[in-house]
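Reviewing the structure listed below.
The values are calculated or read from the model by the stated rules, or taken from the named source; none is laboratory data. For clarity, every value in this text was computed on a predicted model and none was experimentally measured. Cβ placement follows ideal geometry from the backbone for every residue including glycine, while neighbour counts extend to all protein chains displayed. The protein model used for the area step is the full one, side chains on, heavy atoms only, and it has no ligands, DNA or RNA in it. Shrake-Rupley method; radii C 1.70, N 1.55, O 1.52, S 1.80 Å.
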Protein chains: 4
Amino acid sequence: MLNDGDLVLLWSPRKGDSYLLRLKSGAFQGTHMGTIPHDDIAQASFGGMVQTHKGQPFYVLRPTSGEFMRRIRRQTQIIYPKDAGLLLLYLDIFPGARVLECGTGSGSLTTMLAHFVGDEGHVYSYDRREEFSVLARENCDRWGVGHRVTFRIGEVTDGFGERDVDALVLDLPSPWEALSAAYEALAPGSRLAVLVPTTNQLERLLDGLHEGNFVDVQVLETFLRTYKTNARRIRPEDTMIGHTGYLVIATAVRSRGLDDGQEGEKDRS
Amino acid sequence: MLNDGDLVLLWSPRKGDSYLLRLKSGAFQGTHMGTIPHDDIAQASFGGMVQTHKGQPFYVLRPTSGEFMRRIRRQTQIIYPKDAGLLLLYLDIFPGARVLECGTGSGSLTTMLAHFVGDEGHVYSYDRREEFSVLARENCDRWGVGHRVTFRIGEVTDGFGERDVDALVLDLPSPWEALSAAYEALAPGSRLAVLVPTTNQLERLLDGLHEGNFVDVQVLETFLRTYKTNARRIRPEDTMIGHTGYLVIATAVRSRGLDDGQEGEKDRS
Amino acid sequence: MLNDGDLVLLWSPRKGDSYLLRLKSGAFQGTHMGTIPHDDIAQASFGGMVQTHKGQPFYVLRPTSGEFMRRIRRQTQIIYPKDAGLLLLYLDIFPGARVLECGTGSGSLTTMLAHFVGDEGHVYSYDRREEFSVLARENCDRWGVGHRVTFRIGEVTDGFGERDVDALVLDLPSPWEALSAAYEALAPGSRLAVLVPTTNQLERLLDGLHEGNFVDVQVLETFLRTYKTNARRIRPEDTMIGHTGYLVIATAVRSRGLDDGQEGEKDRS
Amino acid sequence: MLNDGDLVLLWSPRKGDSYLLRLKSGAFQGTHMGTIPHDDIAQASFGGMVQTHKGQPFYVLRPTSGEFMRRIRRQTQIIYPKDAGLLLLYLDIFPGARVLECGTGSGSLTTMLAHFVGDEGHVYSYDRREEFSVLARENCDRWGVGHRVTFRIGEVTDGFGERDVDALVLDLPSPWEALSAAYEALAPGSRLAVLVPTTNQLERLLDGLHEGNFVDVQVLETFLRTYKTNARRIRPEDTMIGHTGYLVIATAVRSRGLDDGQEGEKDRS
């Protein structure tokens, strides 16, 4: 038996389409194949089946963070699970971590960071546009992690108020302008992640990182291919995402040595 | 100032190579470019620089979970960050989750799951070969998360002792033989992830999932491309990993309805 | 000055859209941005510019074989340039070659093979459905290479009438049923190419090849990624083709030796 | 029965390795598994089997242009079949075409172009370094197409001697410096192809193309994935080529109109 306020994913075996909703006693969920009373969903509980008023079946599934991320209410380009998952491991996000994000946007990555730092951790999310903070807060609250996030409005040129954060993410049009502020806020030896969509931004960013106190620079690109699931006709889907962005990882050090000036020329094997 | 037992990543600006080590007062780390006293590393602390006895610089960086995963001591094929990251989001791993894994192997995924479930969560990891549990335990302990894992030795045909786990991962040669046991252990409405390297295994697995009480089946394949980081000559590395495996996600439901028999034929859009 | 019957590609600098047409004096070409007299196009000649009656510019370009292939009139799934180009090199198509194709379909590959074998070569194209031969012949004629192709209607179980062909392509739902016929028609030491969309077909095909007198089996998959061309914002297009099919290449030999039975187990490095 | 001077591919069913050789009566071919008399190979003919003096079997296969290209004797980075095949279709190479190439290099693409233009076509290949022309000529002769190629030594700033060529390929470190010369040599409405390995070169090249009389600019990137061929364990090979280069296609027009200045901003759908 589920309760008011629980988030559920309704999934149709007929069409494979699905709906993400928060339960409210007495409410109804509309679908392409008829409506379903929320009370039926609460009664069916996770793993159960409900039917629309037209008799069409839907399963009541637990929503996943990846599914939530893909469906987030957005006013901006969002970050996708294929990139977010890699970022979690390369930045070393952990339960209890203090993470700073600049470029709140619609809050897809904010939600994900807040999900994984847990109640002992915290996310500080900056954006210059207040309307994005409002939307992102709604999205974080919807996923139940809003209490782990402090939203701040401001320009990157003003710097960040936090110090010694465990990880820092920049998702801005001109991330090279935020490198000094990022360096100030990061704990020495910890990671910065930057997301940029174009190779032109990548070039300016690499210049900024090589000029600053950052080492071990890595540039990553991910692809996700999905397959049709008919066991008799296994094949990839006809189309796939061709590009989301370049993920750049770098590590802040106390100071760059005099004799490692060629470091930018060297590639990680 | 770092302490005995701290795990650090030494990174060379000259060659881009690196060493992962646990500090022990009085010990020395050998490198291709000379040795470094652990005491110097502790003194330099994270973000600091040390030199080998030949004067070669190394930076003291915080190790990341992704870096640890790639370097894990192994006797088996391991799971890589590109797949593990996606799995975290599609399975909905969260701080506090109870996760069951079958196919401990060298413990690369065990470590990652234990990392992200935090001290409130727990991982139950099964393998039929005791020597793998021993190695995996060492790897988990090395990353400081061994206390969050219970290792069990046994055959999948004996079933799992846990019930209502939040997520379940199968990394076995014949995962279709473990679907009943997986179903018994999973909380209804929760996700199963399976990793298989060949399309032949994929076919048998899809048959098993479509015959069992699993819905919303997804088959995913990820690619990771790394780039050279010289800002004047930006280009992908010459070679990349061509294949690790197929990642299959499915959701356990209480029972499959009579009228959704065509579900296997339908693909998630 | 172009002539009646010349094939031209009209390309719009405004929208990037384009039209492939055969010139006919007195005719008009409709576009989304107005109509253009064919006589204006003939007058402008290749490399010239014409305008619609609304003043919108279009350039008169030479059509390429790749462009023609992508735009072919079709009733079936077609073969794309990314696969066709590789096939030309792996099958060793050359001017003067005699090539056999089974599975004419809409004639996209037929056109391409006829294009590259030249007037000294010849293509024999089989299909069991006469309506496809009719369409494919129209497409070949449109590209001006119809005289290099003999279309035949028949079942693969009846075998092929040709012998000692230089290369052979199978594009059928059950290509394993055509392997004996293909072997009979191929010159010893020459290549067979097979296109299959699913891994299930791939498995049956590999079994058939390993059981027959075929060696040096290769399975290939190609991806094509296109980029946006704004020099200030270089980035891949958002979406790409995720799958067309698996391209399998094998070589016919006079007889398989007694002691190379393990050949199927070995992979080309 | 094969003849002196015939090119053959010896392929081992045991190891999958192979040797490309030109037959010479009385000569011997060394392999990792023993030597084979050329006379045995001539006797076995295409599709036949020969044995080394240690009794190891090899099949006598017809070499393909793709295989030859991959194995070419090289002093430079070469162009691979995955890119060359696409280039044939996007440039519209055809039997009888006159093609100009600048950047002969080791002659891998020269060979391929000469292969496909046939005896009625011709390739003009420029390089500033005479030693490359010598090597490329040997490679073309080895494949039997040297008589279709004119090698020229010179700087791109001197321009090309040909006019109205059907297609033109630039494979140079600074291709933007050759755009004027390329434009002069190309038939109006015909295609230019440029290969560049870095995004920095891509940016400068796109600027040059958008400033010159070129339209319909396309940037392409190809990937080739090979699979293991054991029918019971179908899976991609562990590693693949991650990058060869960006393939840029553009079309020369008589003059760019005054009102299409935004053309560079628009992307081909």
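The set of residues in segment B:186-231 being polar (S, T, N, Q) and more than 7 Å from chain A (Cβ to nearest Cβ) consists of B:Thr198, B:Asn200, B:Gln201, B:Asn213. Please verify whether segment D:118-132 includes one or more residues that are within 15 Å of the chain's Cα centre (by Cα), closer than 14 Å to D:Met69 by Cβ and hydrophobic (A, V, I, L, M, F, W, C). Within segment D:118-132, none of the residues are within 15 Å of the chain's Cα centre (by Cα), closer than 14 Å to D:Met69 by Cβ and hydrophobic (A, V, I, L, M, F, W, C). Among the criteria (1) of a type in the set (Gly, Ala, Ser); (2) modelled with pLDDT of 95 or more; (3) in contact with a Lys or Arg (Cβ under 7 Å, 6 or more places away or on another chain), the one B:Gly16 does not fulfil is (2). The C-beta contact set for segment A:1-12 (first residue closer than 20 Å to A:Gln51 by Cβ, second residue part of a strand (DSSP E or B) and open to solvent by 30 Å² or more (accessible area, probe 1.4 Å), distance under 6 angstrom, 6+ apart or interchain) comprises A:Leu10/A:Tyr19. Can you find, within segment D:243-269, the residue that is surrounded by the most Cβ atoms within 10 Å (Cβ to Cβ) among those that are among the small types (Gly, Ala, Ser) and modelled with pLDDT under 95? Applying the filter and picking the extreme gives D:Gly264.
Could you please let me know if B:Asn139 is out of contact with any strand residue (DSSP E or B) (no Cβ under 6 Å at 6 or more places or on another chain), under 26 Å from B:Leu20 (Cα atoms), open to solvent by less than 40 Å² (accessible area, probe 1.4 Å) and not hydrophobic (A, V, I, L, M, F, W, C)? It is true that B:Asn139 is out of contact with any strand residue (DSSP E or B) (no Cβ under 6 Å at 6 or more places or on another chain), under 26 Å from B:Leu20 (Cα atoms), open to solvent by less than 40 Å² (accessible area, probe 1.4 Å) and not hydrophobic (A, V, I, L, M, F, W, C).
Do the conditions hold for A:Ser180, that is, is it in contact (Cβ under 8 Å) with a residue 12 or more places away in the chain and facing chain B (nearest Cβ under 7 Å)? Here the answer is no, as A:Ser180 does not meet what is asked. Taking the criterion of being within 14 Å of chain C (Cβ to nearest Cβ), over 15 Å from D:Ser190 (Cβ atoms) and touching a helix residue (DSSP H, G or I) at 6+ places or on another chain (Cβ under 7 Å), the residues of segment D:105-121 that qualify are D:Ser108, D:Leu109, D:Thr111, D:Met112, D:Ala114, D:His115, D:Phe116, D:Asp119. All of D:Ile79, D:Ile72, D:Ile93 fail the test of being assigned to a loop (DSSP other than H, G, I, E, B), open to solvent by less than 10 Å² (accessible area, probe 1.4 Å) and more than 20 Å from D:Leu21 (Cα to Cα), apart from D:Ile93.
Residue pairs whose Cβ atoms lie under 8 Å apart, sitting 6 or more positions apart in sequence or on different chains, and linking a residue in segment D:87-104 that is within 7 Å of chain C (Cβ to nearest Cβ) to a partner that is open to solvent by less than 10 Å² (accessible area, probe 1.4 Å) and of a type in the set (Phe, Trp, Tyr), are D:Leu88/C:Phe116; D:Leu88/D:Phe116; D:Phe94/C:Phe116; D:Phe94/D:Phe116; D:Pro95/C:Phe116; D:Pro95/D:Phe116. Inspect all residues belonging to segment A:102-109 and state whether any of them is of a type outside the set (D, E, K, R), within 19 Å of B:Val117 (Cβ to Cβ) and under 13 Å from the mean Cα position of the chain (by Cα). Within segment A:102-109, not a single residue is of a type outside the set (D, E, K, R), within 19 Å of B:Val117 (Cβ to Cβ) and under 13 Å from the mean Cα position of the chain (by Cα).
Of all residues in segment A:166-206, those being under 23 Å from B:Leu2 (Cα atoms), in a strand (DSSP E or B) and of a type outside the set (Ser, Thr, Tyr) number 9. Taking every residue in segment A:126-138 that is more than 13 Å from A:Thr76 (Cα to Cα) and pairing it with any residue that is part of a loop (DSSP other than H, G, I, E, B) and not charged (D, E, K, R), at least 6 positions away or on another chain, the pairs with Cβ-Cβ distances below 8 Å are A:Tyr126/A:Gly103; A:Tyr126/A:Thr104; A:Tyr126/A:Gly154; A:Tyr126/A:Phe160; A:Arg128/A:Gly154; A:Arg137/A:Gly107; A:Glu138/A:Gly107. Please verify whether segment C:147-154 includes one or more residues that are in a strand (DSSP E or B), out of contact with any helix residue (DSSP H, G or I) (no Cβ under 6 Å at 6 or more places or on another chain) and either more than 9 Å from chain D (Cβ to nearest Cβ) or farther than 30 Å from C:Arg22 by Cβ (or both). Within segment C:147-154 (the criterion being in a strand (DSSP E or B), out of contact with any helix residue (DSSP H, G or I) (no Cβ under 6 Å at 6 or more places or on another chain) and either more than 9 Å from chain D (Cβ to nearest Cβ) or farther than 30 Å from C:Arg22 by Cβ (or both)), the answer is yes, since at least one residue qualifies. Within the option set D:Val123, D:Val117, being without any contact (Cβ under 8 Å) to a residue 40 or more places away in the chain, out of contact with any Ser or Thr (no Cβ under 9 Å at 6 or more places or on another chain) and farther than 26 Å from C:Gln218 by Cα holds for one residue only, D:Val117. Among the residues of segment C:175-189, those that are over 23 Å from C:Gly121 (Cα atoms) and either out of contact with any Lys or Arg (no Cβ under 8 Å at 6 or more places or on another chain) or at pLDDT below 95 (or both) comprise C:Pro175, C:Glu177, C:Ala178, C:Leu179, C:Ser180. Open to solvent by 10 Å² or more (accessible area, probe 1.4 Å) and of a type in the set (D, E, K, R): does that describe C:Glu101? No.
If I filter segment A:22-69 down to residues being part of a strand (DSSP E or B) and within 14 Å of chain B (Cβ to nearest Cβ), which single residue comes out as nearest to A:Arg129 (Cα to Cα)? Of everything passing the filter in segment A:22-69, A:Leu61 is nearest to A:Arg129 (Cα to Cα). For C:Asp127, indicate whether it is in contact with a strand residue (DSSP E or B) (Cβ under 7 Å, 6 or more places away or on another chain) and within 14 Å of another protein chain (Cβ to nearest Cβ). Answer is no for this residue. Only one residue in C:Val156, C:Val169 is open to solvent by less than 10 Å² (accessible area, probe 1.4 Å) and of a type outside the set (Asp, Glu), so which one is that? None of the other options fit; the residue is C:Val169.
A:Asp158 meets each of the listed conditions (1) in contact with a strand residue (DSSP E or B) (Cβ under 7 Å, 6 or more places away or on another chain); (2) without any contact (Cβ under 8 Å) to a residue 24 or more places away in the chain; (3) of a type outside the set (S, T, N, Q) apart from (1).
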